[in-house]
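A quick write-up on the structure given underneath.
The values are calculated or read from the model by the stated rules, or taken from the named source; none is laboratory data. In this text, all values refer to a predicted model and were calculated from it rather than measured experimentally. Quick reminder, even Gly has a Cβ in these numbers, built from the backbone with ideal geometry, and neighbours come from all protein chains shown. Keep in mind that these areas ignore ligands, DNA and RNA; they rest on the heavy atoms of the full protein, side chains included. Shrake-Rupley method; radii C 1.70, N 1.55, O 1.52, S 1.80 Å.
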Amino acid sequence: MAQGQAARATREAVPTVSRVAIIGSGMSGLAAAKQLAAYDPVVFEATPSVGGVWKHCMYRTTRLQTPRANYEFSDYSWRNRDDPAFPTHTEVVDYLEDYADEFDLWRYISFGSKVVDIKFLGGVEAGFTEQWSGTSEAPLRGKPTWEVGVATGGSDTVQYYKFEFVVMCTGKYGDVPRMPVFPPGKGPEVFKGTVMHSLDYCKLSEEETVELMRGKKVVVVGYKKSAIDLANECAQANQGEDGQACTMLVRTLHWMVPSYSIWGLPFFLFYSTRFSQFFYERPNQGFFRSLLCRLTSPLRAGVSKFIESYLSWKLPLAKYGLTPDHRFVEDYASCQLAFLPEGFFDMADRGLLRFKRAPDGWWLSENGVVLKDGTEVEADLVFLATGFEGTDKLREVLPKPFRGVLVNKSSMIPLYHGTIHPLIPNMAFVGFVESASNLRTSELRCRWLAGLLEGRFELPTVKAMMGHVASEADVMRRTTRFYRRHCISTYSIHDKDGMSADLSSATLRKANWIAELLAPNNKQDY
């Protein structure tokens, strides 16, 4: 490791004109740099380190929600991949740094380089046309399309560089917090205590977080993974004599999962094999597949009920009024699952965690949080685990008219194969689609993108790409009420097959048909 760190020579100078820019050096940015290495890409990273949210937007106790073997690059394994424990966030960062060491990706990265502006060089007539696709021309034509403005070292001076192609790997999380909108006179200005978004909490040291929460009446707003981890740390900090209970304010209930096993069966059997995904809707399917999906709807409901029965038996959901009123598959299909930290409900049983439902809204008062039914929860400290505005990061730098078409009516970025926006030429977006293994999803898209830039296949027309995106949205809308997240979990194998076909790669790679049907798709399958 010491030798690897000594060899981490990063990019010292950025050419005025280059072929490919990659913005961000998180997991997706590193995958893009590896796959596009032939173009000597310039990776702009605003911070002094790689890792993205795993480095800059995690709590001290946060762990990956995926087993190691399901979260690794196709050509680089974990050194301790047989360790059954879910990796800590520091282990994930170490793994990403090791990956950069292995493939000498540091030489592409310009640290402390924040992209603050992007200008389109194609002219007004080049936007919103078929020039992006269906022209039989490769995207890289030897002519710059974008001019990227970069501020370095915290300077206000912006230096511009020209590129033929830009890959946005800024991600959906971190940087821009999603803040609640309060009624007039009922926001943080009237609260005597402290209001803090989870993004600011991430910046504190372990000692600072414990000191901040110990002995305080704390309310955590939210009920997804970040909120659960934050409430768990709050309960840990308040185990002493002067400890106070932490209250989670829950608007929408979601299913929690305590382990990767359901009634003794591995979780992948239910959703991550070809056989299991065969019964779920997929984009652009024909009449007979649609008929099959309709006929097998009782089977899908039965799988959900089977899992729900285990979770209701294993976890005290009913005891705390936390049993969702929707099927488990809706959370899986929208990537809303949260794996519980160890001992979470033990903290609740000891009175260190409480839960308050707030389905109709809430606001702040002088002494705490007020629910719409008039219930007041006293608080000294209110944490907002309310998520992030990932698209706002893109709007800040994209020029008109592209920022106006960035998202569709569902507030999602309409991305063909989760990568190409049909109306934004010579630009790709990686890391904005979720699945059961986001690393695998991003790496496959980077491989597909490399094939596109190499001219191994052509994009369909803008109309056809828009149709494909609309079909995905229809599938998500019919599968889950939480479809405003671009999640491919229930048809990830179909998604992989389509991208592999574009690359003229085999889609069936296992030793026999039984394994092909019943074994989980893994990194060797793409």
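Taking a Cβ-Cβ separation under 4.7 Å as the criterion for a possible partner, which cysteines of the chain have none? CYS57, CYS169, CYS202, CYS293, CYS446, each lacking another Cys Cβ under 4.7 Å. Which aspartates and glutamates, if any, have their Cα less than 19 Å from the Cα of LYS510, not counting same-chain residues under 8 positions apart? Of all the aspartates and glutamates, those that pass the test against LYS510 - Cα under 19 Å, at least 8 places apart if same chain - are GLU72, ASP75, ASP495, ASP497, ASP525.
In the stretch 111-265, the portion of solvent-accessible area held by carbon and sulfur atoms comes to 49 percent [1.4 Å probe, whole percent, DNA, RNA and ligands not counted]. Taking a straight Cα-Cα cut-off under 16 Å and skipping sequence neighbours fewer than 8 places away in the same chain, the lysines within cross-link reach of LYS400 are LYS119. For the pair LYS409 and ALA138, label points projected 7 Å from Cα toward Cβ lie 3.9 nm apart. Pairs over the 26 Å Cα-Cα cut-off, from the set LYS172/LYS319; LYS203/LYS224; LYS463/LYS523; LYS114/LYS463; LYS55/LYS224: LYS172/LYS319; LYS463/LYS523; LYS114/LYS463.
Considering helices alone, the calculated mean residue ellipticity of the chain at 222 nm is -9000 deg cm²/dmol, with DSSP H runs of length four and up weighted by -39500 (n - 2.57) and normalised per residue.
With R₀ fixed at 30 Å, the C-beta to C-beta distance from THR90 to SER290 puts the FRET efficiency at about 0.05. For the stretch 336-403, the alpha carbon convex hull comes to 185 Å³ per residue, rounded to a whole number. Excluding ligands, DNA and RNA, the accessible surface per residue across the chain is 44 Å² with a 1.4 Å probe. Expressed as a whole percent, the accessible surface of the stretch 432-524 that belongs to carbon and sulfur atoms is 54, based on a 1.4 Å probe.
Between ALA318 and ARG481, the modelled labels are 2.1 nm apart [label points 7 Å from Cα along Cα→Cβ]. Extension gain for the segment PHE457 to ALA13, taken as residue separation times 0.36 nm less the Cα-Cα distance, is 156.5 nm to one decimal. Heavy-atom surface analysis with a 1.4 Å probe gives the stretch 291-425 a carbon and sulfur content of 50 percent of its accessible area. Taking every C-alpha pair closer than 8 Å and separated by at least 6 residues, the mean separation divided by the residue count of the chain gives a relative contact order of 21 percent.
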